[in-house]
1. Being at pLDDT 90 or above and surrounded by fewer than 21 Cβ atoms within 10 Å (Cβ to Cβ) is the filter here; which residues of the range 380-402 pass it?
2. Just to be sure before I move on: is Ala321 without any contact (Cβ under 8 Å) to a residue 40 or more places away in the chain and within 20 Å of the chain's Cα centre (by Cα) in the structure I sent?
3. Which condition from (1) farther than 24 Å from Met63 by Cβ; (2) at pLDDT below 95; (3) not hydrophobic (A, V, I, L, M, F, W, C) is the one that Pro183 breaks?
4. Anything in the range 302-326 that is out of contact with any Pro (no Cβ under 7 Å at 6 or more places or on another chain) and closer than 22 Å to Glu101 by Cα? List them, or say none.
5. Identify the residue in the range 60-112 that is among the polar types (S, T, N, Q) and outside any helix (DSSP H, G or I) and, among all such residues, is surrounded by the most Cβ atoms within 10 Å (Cβ to Cβ).
6. Being in contact with a helix residue (DSSP H, G or I) (Cβ under 7 Å, 6 or more places away or on another chain) and surrounded by 23 or more Cβ atoms within 10 Å (Cβ to Cβ) is the requirement here; does Leu331 meet it?
7. Just a yes or no: is a residue in the range 362-371 at pLDDT 95 or above, at negative phi and under 21 Å from the mean Cα position of the chain (by Cα)?
Amino acid sequence: MDLNKMLEKYADVIVNIGINIKAGEKLSIRLTEEALPLARLVVGKAYEKGALNVRLDFMDDQMTLDRYLHGSDEVFDYLPDYEVTYRDAIYKDGYNVLNLETPNPELLKSADPKRIARWQKLAGMKWKPIIHYTMENKVKWCVAGVAGKAWAQAVFPLLPPEESLLKLWDYIFMAERIDQADPVAAWKQHDASLKSHKTFLNNAHFSQVHYEGPGTDLLVSLPKNHIWEGGSSISQGGDVFFPNIPTEEVFSMPDADHVEGSLAATMPLSVRGQIVDKFGFTFKDGKVTDHYAEEGKAILDDLLTTDEGASRLGEIALVAANSPIAKTGILFKSTLFDENASCHFALGAAYSENLEGATERSEDENRKLGMNNSVIHVDFMVGSKDVTVTGIQEDGIEIVLLKDCDWQI
């Protein structure tokens, strides 16, 4: 594999398909040191497309960990208002947002879960006033995966570091169609396929979706005038973009007050730098009334109590087993990738694009219509060949949507 050549193709997809940068637009990139080679290519191509300005925000795993291990308690109660004001000004100035994500699944394994929960709750509340820029597609935004040494070792622990890194890049390029002759054309074809499923689901006007499988018997009601989305999104400015690279899902929102039954996750969840595994929930009137986890239950406990909406669902997503990610047969230990190998749900906030007219109403008005509101949005996987998903229309007609993890429509 010629890594430099593949990164060049990857940058083309991010700039032309992910963000779809246009002449005169601005871009803000969030990245780690390991993402620098790709970021440099993205910046160059963005300016070639006529970008007016590209700015960078750097993160570092070691510095993040040191903060949790060595910072005073007061550190986790401090997030100055000017940080939020600055980010708000960036959005208002029209900056689109790219996150070059390099996961470290167990970065905070040695950190105190109470500190993690304390900081996440504070940060969630502080950033909440400006999350509408991305949740409502007021700007174009994209999250794209970047291989890193810690991530590669978590996925391939038996391989030497350099070998595991190259192998992870191979799987990323395969999962994201970068290994194809014309990745941009492949993404456009993929988008058309997802849109066909989206159209079917919207025309069917299901009132409920039923999930059945080992440990799962869940009936999810859908709000009136809900909308299924999938593949590319459209910004409020009218531009097509891809929020996630990769993406294989067709998704909508549940009625936050009408979810009933049991739900068992089928893959581990990497959240807040720690792993939650072998876990599940019981729902009544849309709220989690009981939950379990063999690993990471303390993280789950704190997550569910972040705010009132954290214990309710904000997203349901359908994914077939024939996705390139599922075909790899590996657990990426990254939600960005694993959620696109499996049907999934999200605890917390719902997306405005999944409810007709949501951006024209207040938060309280949308909440009364069944749209969940929270400072978190955490995806977890529930799909496998043993899980069947059935759509139920208002007149009781049932249509199997996914069986043996493949589309039936």
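The values are calculated or read from the model by the stated rules, or taken from the named source; none is laboratory data. Predicted, not measured: the structure shown is a model, and the values here were computed from it. Counting neighbours? That spans all protein chains shown, and the Cβs are built from the backbone with ideal geometry, glycine included.
1. Thr388, Thr390, Ile392, Gln393, Glu394, Asp395, Gly396, Ile397, Glu398, Ile399, Val400
2. Taking the combined requirement at face value, the residue does not satisfy it.
3. All conditions pass for Pro183, except number (2).
4. Selection gives Leu303, Glu315, Ala317, Val319, Ser323, Pro324, Ala326.
5. Asn96
6. no
7. Yes: one or more hits.
Rundown of residues vs (1) closer than 26 Å to Ser28 by Cα; (2) of a type in the set (Gly, Ala, Ser); (3) under 22 Å from the mean Cα position of the chain (by Cα), yes/no style:
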| position | (1), (2), (3) |
| --- | --- |
| Glu106 | no, no, yes |
| Lys138 | yes, no, yes |
| Val143 | yes, no, yes |
| Asp170 | no, no, yes |
| Ala175 | yes, yes, yes |
| Lys188 | yes, no, yes |
| Ser196 | no, yes, yes |
| Phe200 | no, no, no |
